[in-house]
Amino acid sequence: MTSNDTLNKIVSLTKRRGFIFQSSEIYGGLKSAYDYGPLGVELKRNIAAEWWKFMVHEREDVVGIDASIMMHPSVWKASGHLAGFSDPLVDCLNCKERFRADKAPQMEPGTAINWVKGGKSSGEKSAGTVGTCGYVCPHCGSSLLSDERQFNLMFKTSIGPVDPLDNFLSEVQGKELSRAELREKLEEAVRSSAIYLRPETAQAMFVQFMNVQQTMSMKVPFGIAQQGKSFRNEVTTEKFIFRTCEFEQMEMEYFCEPGTQKEWLKYWTETRMSWWQRYANNKSAFKLRQHDEDELAHYADDCYDIDYNYPWGWDELEGVASRTDYDLSKHAEESGVKISYFDQQKTDPATGKPGIRYVPYVIEPAAGLTRACLAYLCDAYAEEEGVDADGQTKTRVLLKLHPRLAPFKVAVLPLVKKDGLPDVARKIVSDFYKAGINASYDEQQSIGKRYARHDEVGTPYCLTIDHQTLEDNTVTIRDRDTTKQERVSIDGALEVVKERINAF
């Protein structure tokens, strides 16, 4: 099976079973935008809840915030996003597609290549085109490319009741202005009301550092965590939900004393790696990759990626960066507000007096929640050969999702829709709801088809209520991965499922 086959099967399953839909599908869809269906939203919320529990609720040194998506434009000026948050954009003069130069297939300068005139579909080939850029179009292979130009990834909008274009028109109405003057006034009108959708959740945690530290009496080292949506006007969106313009992040900024950042970087890379592997079937599908010096961000003195082996190969899932004191220092400089930490437990080496003041360094574990959904779907997808009740060989498709991530923890299935079996089943489902465990009542189709359906959506356990239930007050519990069945008492079924889920 090729990598495209695997990804296509996962995409098909996620739509067929209510995980992920194309946004605005009845209107032809919107490129790079996806909606999470009834099961997809449960998977995503479960991953986010596990992250929050691990990063915030199980630690004394990390607290959370939920900041506004829209922030003062000066935030993005200080962070460097306005000036430097851009990708090299190139137009293919052959097939007219646009792509990022830094993601294009590489070639030796001066190499003669073949390309398809007018794009992939025309079938007309011309040999001997010489490439001079060091790369070719990823869509058609042509080396006939435009010059690179920088494309800022932030979504710009405006705030306020008046359209900036209306301001511009009323400003210039009746005036004879040169082209340059018109352009200057238009730019000023747009700039005066411009605001940006955040391209990352990190900056709010830096901007709110002093408020959080003081109101919660936090002592360095400590962290601020946040989950939420970010937006990047990507040149290239690709690979299903891997790279989209709207996505969700799970980030934490861990503030530490300068000089201790190396040990905290090591701690967080190892801690985060173990977290990802905890919920995976194939732990070897995750690896750490240290950034080379020439690929480090300007604010970082070291960085590791936690990569996952997606169907197309290794790609980023989470970054753990040592950001030095860059962010806090830049925001202090831009805002004019002192941002620092006074450590009363230390002694000032210069004066010998108790207490030193410093700007903390930062370790940032930044994970993609939407990418986490894709990674765990890829990890869970399996096809197994087996024999059905009629002795026929068939392929069983299932999602071996970790029980704590699975949308439904248990399905309750009356064998038939009569003889009082549905009443017993609904009572059991109600008990699971009251215990805070998401359960599914399912009476449609044969019991075999219902098992198959819940295998495909990753439900780890199925409880079947049959006629023996009415005789001895027991039900059958079926394990998704092994398909083995055993009988347990109705009264103990809830505890059995809870114990098995918590055992992982």
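The values are calculated or read from the model by the stated rules, or taken from the named source; none is laboratory data. Everything numeric in this text was worked out from a predicted model, so none of it was measured. Neighbour counts are summed over all protein chains in view; Cβ atoms, including those assigned to glycine, are modelled from backbone coordinates with ideal geometry.
Identify all residues within region 16-40 that are surrounded by 16 or more Cβ atoms within 10 Å (Cβ to Cβ) and assigned to a helix (DSSP H, G or I); write none if there are none.
Hits for region 16-40 are LEU39, GLY40.
Given the criterion in contact (Cβ under 8 Å) with a residue 12 or more places away in the chain and at positive phi, identify the matching residue among PHE209, PHE240.
Every option except PHE240 fails the conditions.
Is it the case that region 82-96 has a residue that's polar (S, T, N, Q) and in a helix (DSSP H, G or I)?
no
Can you find, within region 273-314, the residue that is nearest to GLU251 (Cα to Cα) among those that are of a type in the set (Phe, Trp, Tyr) and part of a loop (DSSP other than H, G, I, E, B)?
Taking the candidates together, the pick is TYR299.
Here's the yes/no breakdown for (1) among the charged types (D, E, K, R); (2) more than 17 Å from LEU265 (Cα to Cα):
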| residue | (1), (2) |
| --- | --- |
| SER284 | no, yes |
| GLU295 | yes, yes |
| CYS303 | no, no |
| TYR326 | no, no |
| SER329 | no, yes |
| THR351 | no, yes |
| PRO354 | no, yes |
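Can you tell me which residues in region 226-249 are closer than 30 Å to GLY160 by Cα and either aliphatic (A, V, I, L, M) or not in a strand (DSSP E or B) (or both)?
ARG232, ASN233, GLU234, VAL235, THR244, CYS245
Checking the conditions here, which among MET252, MET273 is over 22 Å from ILE65 (Cα atoms), touching a residue at least 24 places away in the same chain (Cβ under 8 Å) and within 20 Å of the chain's Cα centre (by Cα)?
Every option except MET273 fails the conditions.
Can you confirm whether MET218 is in the same structural domain as SER32 (by TED's automatic domain parsing), at pLDDT 95 or above and either closer than 30 Å to LEU7 by Cβ or of a type in the set (Asp, Glu) (or both)?
Taking the combined requirement at face value, the residue does not satisfy it.
I'd like to know if region 62-75 contains one or more residues that are within 30 Å of GLU384 (Cα to Cα), in contact with a helix residue (DSSP H, G or I) (Cβ under 7 Å, 6 or more places away or on another chain), in the same structural domain as ARG323 (by TED's automatic domain parsing) and in a loop (DSSP other than H, G, I, E, B).
no
Test GLY391 against the stated conditions and say whether it is modelled with pLDDT of 95 or more, outside any strand (DSSP E or B) and at positive phi.
no
Determine, yes or no, whether ALA411 is surrounded by 15 or more Cβ atoms within 10 Å (Cβ to Cβ), assigned to a strand (DSSP E or B) and among the small types (Gly, Ala, Ser).
Spelling it out, ALA411 is indeed surrounded by 15 or more Cβ atoms within 10 Å (Cβ to Cβ), assigned to a strand (DSSP E or B) and among the small types (Gly, Ala, Ser).
Are there any pairs, at least 6 apart or on different chains, whose C-beta atoms fall under 7 Å, with the first in region 284-301 and among the aromatic types (Phe, Trp, Tyr) and the second at pLDDT 95 or above and part of a strand (DSSP E or B), and if so, which?
PHE286/ILE306; PHE286/TYR308; TYR299/ARG323; TYR299/THR324
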